[in-house]
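Student: Dropping the structure in here first, questions after.
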Amino acid sequence: MNNTANNSRFMRTNIWRLGFVAVLSSLLLVAAGCSDRTQPSLVEGKVNVVTSFYPIYFMVNEIGGEQVNAINLIPAGVEPHDWTPKSIDLHNASNAQLLLVNGAGFEGWLPDFKKGLDPNSKVKLEEVSKGITLITAEGDAHSHEHEHAHENEPGHAEESAKDEHHAETEHSHEHGDFDPHTWVSPKSALVMADNVKNALISVDSANKVTYEQRYEQLRKKIEAVDNKYEAALKNVKHRDIVVSHHAFGYLTHDYGLNQHAIMGITPDAEPRAQDILRLSKLVQEKGLKYVFFEELVSDQLAKTLASEANVDILVLNPLEGLTEQQQQAGDNYLKLMERNLQNLVQALQ
């Protein structure tokens with residue numbers, strides 16, 4: 001009986017252990033799969049391009065095609081202002097051929113990021129907002145022309161000329177001088193796409209013709225969206241929009257609208273009670289029907305204002321990134337631009 005009992009306990013123990021190992025193995029496989037999806041890697045034989053956020057990533061894929069391996073720093077569903085770099089990001093950027101950022105002060109983490117790059121890195125850093133006339137948070141225009149002296153030199157991402165430029169322009173999110181949200185307007189997107197194309201050619205001239213052909217295809221798509229904006233917004237009844245944060249200056253500037261923001265340049269800036277009351281009064285005076293909110297930040301303030309003014313809420317996407325649902329649905333930068341236009345027309349009728 002004792003031997004029988006011992007054998008039974010031994011079998012139960014082994015079965016439990018085998019089951020535990022099987023479950024553990026399954027969990028490790030799932031974890032490995034998640035890691036593969038969330039930790040993109042460099043690819044030998046392709047032009048490795050690290051992009052700071054989604055709109056640039058989209059343009060790189062559209063223009064670069066199969067010649068390029070694009071790695072986007074900020075994953076789906078993460079608001080860019082909430083993101084901080086990890087060691088894998090520094091590794092990828094250090095060993096890539098291109099590091100493309102928006103510039104104009106959008107990437108507040110960039111100075112520290114550059115210091116964390118491998119000192120032997122030959123990555124070429126480019127700002128894709130170069131050539132766009134920047135506007136202030138108040139809507140005034142300022143030239144954004146500057147020279148980049150980091151072409152083809154080891155460690156050029158650390159150059160003093162670049163540091164001086166960032167010292168001048170990296171204050172939009174911290175001090176509110178310049179609005180860095182260039183990509184929200186199709187007209188700015190045309191300039192950015194041209195800069196992406198030129199950056200790719202600068203590190204891979206052998207595929208110059210291919211990049212130029214794909215750029216032309218993308219340019220035509222963006223121009224088509226721009227034409228839709230021009231036609232649809234030309235004769236709308238209202239010309240004022242109330243938004244969550246001050247991210248639509250280029251859009252409103254380019255199409256003759258007026259932006260009124262609950263929060264400032266950053267979506268985490270806290271509004272005062274009198275700001276809500278002032279905007280509520282404006283909504284009622286202008287006869288507006290909607291307050292716009294964003295998907296990657298809390299809609300609580302927009303709902304509070306909408307309730308105060310007795311109006312509805314509607315999405316106006318700042319196009320900083322996709323939600324996981326949008327990514328799974330196959331949405332992209334241009335599709336979201338068109339959806340923004342549909343919502344603008346609905347709100348401004």
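Read-outs throughout are calculated quantities, based only on the coordinates presented, and are distinct from any laboratory measurement. Computed from a predicted model, the values in this text were never measured in an experiment. As a convention, Cβ positions derive from the backbone with ideal geometry for all residues, glycine included, and neighbour counts pool all protein chains shown.
Student: Filter the trypsin sites (Lys or Arg not before Pro) in region 212-285 to those in DSSP coil with at most 15 other Cβ atoms within 10 Å of their Cβ, and list the result.
Tutor: Lys234, Lys237, Arg239, Arg272
Student: Could you order peptides 90-99, 198-207 by the average number of other Cβ atoms within 10 Å of their residues, highest first?
Tutor: Listed from highest to lowest mean packing, they are 90-99, 198-207.
Student: What does the charge count near Leu90 come to, summing +1 for each Lys or Arg and -1 for each Asp or Glu among other residues with Cβ under 11 Å from its Cβ?
Tutor: Result for the local shell: 0.
Student: Rounded, prolate or oblate, given the Cα gyration tensor of region 219-261, with a/c below 1.5 counting as rounded?
Tutor: Oblate is the answer for region 219-261, as a/c is 1.5 or above yet b/c matches or exceeds a/b.
Student: Which of rounded, prolate, oblate describes region 182-292, given a ≥ b ≥ c as roots of the alpha-carbon gyration tensor eigenvalues and a/c under 1.5 marking rounded, otherwise prolate only if a/b is larger than b/c?
Tutor: Judged from the Cα gyration tensor, region 182-292 comes out oblate (a/c at least 1.5, b/c at or above a/b).
Student: Given a Förster distance of 41 Å, report the FRET efficiency between Glu44 and Thr304 from their Cβ-Cβ distance, rounded to the nearest 0.05.
Tutor: Once rounded, the FRET efficiency stands at 0.20.
Student: Shape of region 75-138 from its Cα gyration tensor (a ≥ b ≥ c, root eigenvalues): rounded if a/c is under 1.5, otherwise prolate when a/b > b/c, or oblate?
Tutor: oblate
Student: What is the sum of charges, Lys and Arg at +1 and Asp and Glu at -1, for the other residues whose Cβ falls under 10 Å from the Cβ of Ile63?
Tutor: My count for the surroundings of Ile63 gives -1.
Student: Just to be sure I understand the model, the point goes 7 Å from the Cα along the line to the Cβ. What's the resulting Glu285 to Asn258 distance in nm?
Tutor: 0.8 nm
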